[in-house]
Amino acid sequence: MVSQRIKVVLSLGSNSGDRLKAVNEASVWLQGILLDFQCSAIYETPPLGHSGADYMNAVCAGLYCGDVAELERECKEYERRNGRDEVARAMNLVPIDVDIVISDGEILRPKDYRSKFFQIGYEQL
């Protein structure tokens, strides 16, 4: 049986700890689970909607062998393993954020899609 492949575009961000390292490591992790992997440069943007620290961001794309719900679970588990918990959220600390913004051409997160933090990297792909 051939597994379903979906084309996905993801947003990566971190505003705490070693932000550059966190985004780079998330990119390496995604490279291990996506085929035809592409990634923008890593760049800095101001926070949106809160007064936390600036973010390091990147946008990655590739083909995922599975469905979008499965990839979403993997991304949220990756975040948890890397310190994204309720305590961090309450303090506006984002050790790493991995969000699926586009899946097979469908925009899943319109607010993120329209944001500068996503468009900068998306334009590089």
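Summary of values
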| item | result |
| --- | --- |
| Where the range 1-53 is the region considered: accessible area per residue in Å², 1.4 Å probe | 57 |
| Assigned charges on the beta-carbon of Lys, Arg, Asp, Glu; the range 2-125 dipole about Cα centre (debye) | 160 |
| Accessible-area ranking of V8, V28, largest first, probe 1.4 Å | V28, V8 |
| Relative contact order [Cα under 8 Å, 6+ residues apart], the chain, whole percent | 37 |
| Signed unit charges on C-beta, dipole axis of the range 16-82, positive-most listed residue T45, S16, G66 | S16 |
| Partner lysines for K21 [C-alpha distance under 25 Å; skip if fewer than 8 residues away on the same chain] | K76, K116 |
| Carbon/sulfur fraction of accessible area - the chain, other protein chains in place, 1.4 Å, % | 52 |
| Accessible area in square angstrom per residue, the range 70-125, 1.4 angstrom probe | 61 |
| Average Cα contact separation per residue, the range 15-63, under 8 Å, 6 or more apart, as relative contact order % | 44 |
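The values are calculated or read from the model by the stated rules, or taken from the named source; none is laboratory data. Note that this is a predicted model, so its numbers are computed, not measured. Here the Cβ is made from the backbone with ideal geometry for all residues, glycine too, and neighbour counts use every protein chain on show. Keep in mind that these areas ignore ligands, DNA and RNA; they rest on the heavy atoms of the full protein, side chains included. Shrake-Rupley method; radii C 1.70, N 1.55, O 1.52, S 1.80 Å.
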